[in-house]
Amino acid sequence: MQFNGKILNTTERKEFIAIADETISGYYEGLPMISSELERIKDLHDEYHEMYRTLLSVMLFVMITMIDSMAISKYFILADKDYDRRFMRGKMKVILNEGFKRLYGFKEGKDSKWDELGSILKYFPEEIKKQYQELSSLLEEQAKYYSWWKDERDSETHLDAEKLYASRCEDVIESKVMMDSLKLFNAHYAVDGFLINMHVCINNFLINKYQRGELKEEQFK
């Protein structure tokens, strides 16, 4: 999608805020469950739980980043003062850069959350491995195509006053800022769907073992 210079009217702003609130609420509800599972298995270091911990850790990261991305987009739209909008745009670019860097990085996914997922693929069926490769290609394309606002992130994070002022003085084009924000949200949204598939595989595996009598009911608690 390309920005077209559109400025939202009052009704459209209210609709966007409502969608943002609903999206944030939906993902936020899942965080306590993931956190409690990580706490429950923190002292379990067998092969299965190490694999499961990796999956849950990546899920937690992806969901929090999606929530933060949507939240800062919401407050950018809500800002009604010129400097506030420039400030929110700058902080959004920090999330855009850090969010993609931690998710995939800029060197073929090395030392990233995506790389961590790759380390547990051996436990999953071929269909999951195929999905991983397809998403890897898309993420690699995004890593090469976009700068992910590294310069702006550096200025914002290190408070380089001259560069920061120059960045803040750039024209604020609302639709372009929102399209930029969606680049990160959509990347994480795709990965979130893949993580759900991985989690379903684990659940199905355990259910099958239980039905065959290989697991006792108390092992599910």
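Here's the yes/no breakdown for (1) touching an Asp or Glu at 6+ places or on another chain (Cβ under 8 Å); (2) more than 18 Å from Tyr189 (Cβ to Cβ); (3) of a type in the set (A, V, I, L, M, F, W, C):
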| site | (1), (2), (3) |
| --- | --- |
| Ile67 | no, no, yes |
| Ile72 | no, no, yes |
| Tyr75 | no, yes, no |
| Asp84 | no, yes, no |
| Phe87 | no, yes, yes |
| Met92 | yes, no, yes |
| Gly105 | yes, yes, no |
| Glu116 | no, yes, no |
Qualifying residue in the range 53-75 (condition: closer than 28 Å to Phe205 by Cβ and free of Cβ contacts under 8 Å to residues at least 24 places away in the same chain): yes
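Residue by residue, here is whether (1) under 19 Å from Trp148 (Cα atoms); (2) of a type outside the set (Gly, Ala, Ser); (3) modelled with pLDDT of 95 or more holds:
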site: Thr65; (1), (2), (3): yes, yes, yes
site: Asp68; (1), (2), (3): yes, yes, yes
site: Leu78; (1), (2), (3): no, yes, no
site: Phe106; (1), (2), (3): yes, yes, no
Pair list, Cβ under 7 Å, 6 or more apart: the range 102-128 residue in contact (Cβ under 8 Å) with a residue 24 or more places away in the chain, other residue open to solvent by 90 Å² or more (accessible area, probe 1.4 Å) and in a helix (DSSP H, G or I): Lys113/Arg102
Number of the exception - Arg40 against (1) over 24 Å from Asn186 (Cα atoms); (2) touching a Leu at 6+ places or on another chain (Cβ under 8 Å): (2)
Residue satisfying condition, being surrounded by 14 or more Cβ atoms within 10 Å (Cβ to Cβ) and part of a loop (DSSP other than H, G, I, E, B), within set Val191, Val172, Val177: Val172
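Have a look at Ile24, Ile19 and point out the one that is within 25 Å of Glu174 (Cα to Cα), part of a helix (DSSP H, G or I) and in contact with a helix residue (DSSP H, G or I) (Cβ under 8 Å, 6 or more places away or on another chain).
From the options Ile24, Ile19, the qualifying one is Ile24.
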Whichever residue in the range 147-169 is among the acidic types (Asp, Glu) and in contact (Cβ under 8 Å) with a residue 12 or more places away in the chain and, among such residues, is most open to solvent (accessible area, probe 1.4 Å): Asp151
One residue from Leu96, Leu159 being in contact with a Phe, Trp or Tyr (Cβ under 8 Å, 6 or more places away or on another chain) and among the aliphatic types (A, V, I, L, M): Leu96
Single residue of the range 16-30 satisfying the filter (open to solvent by 100 Å² or more (accessible area, probe 1.4 Å) and charged (D, E, K, R)) that is farthest from Leu182 (Cα to Cα): Glu29
Within the range 31-51, considering residues that are hydroxyl-bearing (Ser, Thr, Tyr) and either open to solvent by less than 20 Å² (accessible area, probe 1.4 Å) or farther than 16 Å from Cys201 by Cβ (or both), the one nearest to the chain's Cα centre (by Cα): Ser35
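The values are calculated or read from the model by the stated rules, or taken from the named source; none is laboratory data. Computed from a predicted structure; not experimentally measured. So basically every Cβ, Gly included, is an ideal-geometry build from the backbone, and we count neighbours across all protein chains shown. For the accessible areas, the whole protein counts, side chains as well, though only heavy atoms, and no ligand, DNA or RNA atoms are used. Shrake-Rupley method; radii C 1.70, N 1.55, O 1.52, S 1.80 Å.
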